[in-house]
Amino acid sequence: MDPSKTVYVAMGGNVGPTLELIDEALAALQELAHGPIRLSQIYRTTPLCDQQQRDYLNAVCSFRARLEPGALLGAMQRIERNLGKMAKSKDAPRPIDLDLLFYGSLRMETPRLTLPHPRWQERLFVLCPLRDLTPRINVEHQWFELDELIDQLDSQAEGVVPLYMSNLLSLDPYGITQSTTG
């Protein structure tokens, strides 16, 4: 993958058929990608709020982007709306959430988009699936070892559990295929 256009997208939800919605989001993201999409394991995660709600299913995918960052964010927001996401409070349950974590090693801040995602280092539900795809990440020529970041957040470790020991889903350039190896 072209490292300057390799993006990492966090995905998750806890309302409705979450695995199906992740499938649908991946199929829609495939239209925005050059080549195949790589997908982490799926993780069941405890919500990080006091509001009573179901556990989330979370994953991270990576691909080489066809669009520039702002256009990619807009396309991702359309995918979320098409899959049933509505404007709600930050901690509210949701059918699907897509967050642009990284766009290559680009660092940027606009009113609509901050890269890398401002809280990526604080969330095990991002770091654990991200580590499935890469052991370290480069942000503007600074390398971050994901194992070290995960160890720093170990107090939350019980709230992030992989559902499967191998990838549940993988994408080829033609669509979604199921993987049953384990």
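The values are calculated or read from the model by the stated rules, or taken from the named source; none is laboratory data. As the structure is a computational prediction, the values presented were derived from the model and not from experiment. Glycine also receives a Cβ, built like all others from the backbone with ideal geometry; neighbour counts cover every protein chain displayed.
Odds and ends about this structure:
- Against the conditions (1) at pLDDT 95 or above; (2) surrounded by fewer than 19 Cβ atoms within 10 Å (Cβ to Cβ); (3) within 20 Å of GLU140 (Cα to Cα), ALA71 satisfies every one except (3).
- Checking PHE125, PHE63 one by one, the residue that is under 17 Å from the mean Cα position of the chain (by Cα), of a type in the set (Phe, Trp, Tyr) and under 23 Å from LYS5 (Cβ atoms) is PHE63 and no other.
- Those residues of the stretch 82-107 which are hydroxyl-bearing (Ser, Thr, Tyr) and touching a helix residue (DSSP H, G or I) at 6+ places or on another chain (Cβ under 6 Å), in sequence order: TYR103
- Only one of the numbered conditions (1) out of contact with any strand residue (DSSP E or B) (no Cβ under 6 Å at 6 or more places or on another chain); (2) farther than 17 Å from ALA28 by Cβ; (3) modelled with pLDDT of 95 or more is not met by LYS90, and that is (3).
- Apart from one condition, SER105 fits all of (1) under 27 Å from GLY159 (Cα atoms); (2) of a type in the set (S, T, N, Q); (3) out of contact with any Phe, Trp or Tyr (no Cβ under 9 Å at 6 or more places or on another chain); (4) surrounded by 15 or more Cβ atoms within 10 Å (Cβ to Cβ); the exception is (1).
- Restricted to strands (runs of 3 or more DSSP E) entirely inside the stretch 1-113, those with at least 1 residues that are within 20 Å of ASP132 (Cβ to Cβ) and hydroxyl-bearing (Ser, Thr, Tyr) are 6-13, 43-45, 56-65, 97-103.
- Members of the stretch 114-134 that are surrounded by 12 or more Cβ atoms within 10 Å (Cβ to Cβ), of a type outside the set (A, V, I, L, M, F, W, C) and not in a helix (DSSP H, G or I): THR114, PRO116, HIS117, ARG123, THR134
- Test: ALA28 is over 13 Å from the mean Cα position of the chain (by Cα) and surrounded by 14 or more Cβ atoms within 10 Å (Cβ to Cβ): yes
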